[in-house]
Amino acid sequence: MRRPVVMGNWKLNGSKSMVSELLSGLNAELAGVTGVDVAVAPPTLYLDQAERLIKEGGNKLILGAQNTDVNNSGAFTGDTSPEMLKEFGASHIIIGHSERRDYHSESDEFVAKKFAFLKENSLIPVLCIGESEAQNEAGETEAVCARQIDAVIKECGVDALNGAIIAYEPIWAIGTGKAATAEDAQRIHASIRAHIAKESEAVANQVIIQYGGSVKPENAASYFAQPDIDGALVGGASLDAKSFAAIAKAAAEAKA
Ligand code: PEP
């Protein structure tokens, strides 16, 4: 039985007052909610504040981050290391988000190196994969996802996916309101799991595969009703405590 994981990617959004309001709201909204892991990934600068607020709220939330460097220290201006993330209590680290692949030219191989370094530092990679609109229209979705996963398997071996999270995020669905249908998402999730199963059935059966791309309280339950969708990576809707909590509750209910 895979325990669902719902994670909020706040991207470049936040201020001290927003972090305080959002996390206090989530601490209240998630009281008594069980059967789902709920994580938030604020901008790095707010990790300290978020760690304190999560502790004050009784640790109902898991702290995550949006990126990592592939070094723990040294002359790498502007970067943040796994050791630093760990010191602030962050455990679930998003890597390979399409915005980083696009705007920072991160290759499959570089993302795989990040994956390996997170594992080496006992952190949980949340590996984002997914196809562009053109690739989708060309029928290349499964091949793109397989290629992105194969880079990780090549770098670290299939067993490294044990305990990790994959977030399938069709790029055309991110922040557009144009979500994939639950049936299409299920088909791709099943193909991702089947691809990993070619290397190891045991790893494929336990790996969490989240869907991401315009998940909202209104469509969340339809995704979680699918057997291979184990949670969600949520952007826009994670900036509102009520909406994000409703998505987390939908996951807990569907997978109970
Ligand atoms: C994301 O950025 O990971 C994401 C899924 O965004 P949104 O939910 O806003 O589409």
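The mean sequence distance of close C-alpha pairs (under 8 Å, at least 6 residues apart), as a share of the length of the chain, puts its relative contact order at 22 percent. Under conditions of 10 °C and 1.306 mPa s, the chain yields 88 µm² s⁻¹ as its translational diffusion coefficient, taking Rh as the Kirkwood radius over Cα pairs in the Stokes-Einstein equation.
Neighbour counts of C-beta atoms inside 10 Å place M84, M18, M7, M1 in the sequence M1, M18, M84, M7, starting with the fewest. If you keep only loop residues by DSSP, which trypsin sites (Lys or Arg not before Pro) in segment 142-243 have at most 16 other Cβ atoms within 10 Å of their Cβ? Sites meeting the loop and neighbour criteria: K178, K198. Listed from fewest to most Cβ neighbours within 10 Å, the set V36, V70 follows the order V70, V36. Our coupling estimate for segment 173-181, obtained by passing each phi through the Karplus curve with A = 6.51, B = -1.76, C = 1.60 and θ = phi - 60°, is 9, 7, x, 9, x, 9, 5, 5, 5 Hz, Gly and Pro reported as x.
Its relative contact order, with pairs defined as Cα atoms under 8 Å and 6+ residues apart, puts segment 153-256 at 30 percent.
Taking amide hydrogens as placed 1.01 Å from N in the peptide plane, the amide H of G231 sits under 5 Å from those of V5, Y211, each at least 5 positions away in sequence or on another chain. Placing +1 on the Cβ of every Lys and Arg and -1 on the Cβ of every Asp and Glu, with no other charges, gives segment 70-181 a dipole of roughly 260 debye about its Cα centre. Note on segment 174-256: dipole from Cβ charges, positive end direction compared against A179, A194, F244; the farthest Cα belongs to F244.
Cβ-Cβ distance of D102 and E183, R₀ of 25 Å, FRET efficiency by 1/(1 + (r/R0)^6): the value works out to about 0.35. Between A202, A164, A50, the residue with the greatest mean-square fluctuation in the GNM of the chain (Cα pairs under 10 Å linked by springs) is A202.
Approximating the spin labels as points 7 Å out from Cα along Cα→Cβ, the E87-to-N13 distance works out to 3.0 nm.
Checked against a 25 Å cut-off, the cross-linked pairs K154/K178; K60/K86; K16/K55; K11/K119 give Cα-Cα distances beyond that limit for K154/K178. Dipole size of the chain about its Cα centre, with +1 on Lys/Arg Cβ and -1 on Asp/Glu Cβ: approximately 600 debye, rounded to the nearest 20. Applied to segment 225-232, the Karplus parametrisation 6.51 cos²θ - 1.76 cosθ + 1.60 on θ = phi - 60° returns per-residue 3J(HN,Hα) values of 6, 7, x, 9, 9, 9, x, 8 Hz, with x for Gly and Pro.
Throughout, read-outs are computed from the coordinates displayed, never taken from laboratory work. Just so we're clear, the structure is a prediction, and the values are computed from it rather than from any experiment. Methodologically, a virtual Cβ is constructed for each residue, glycine included, from the backbone with ideal geometry; neighbour enumeration extends over all protein chains shown.
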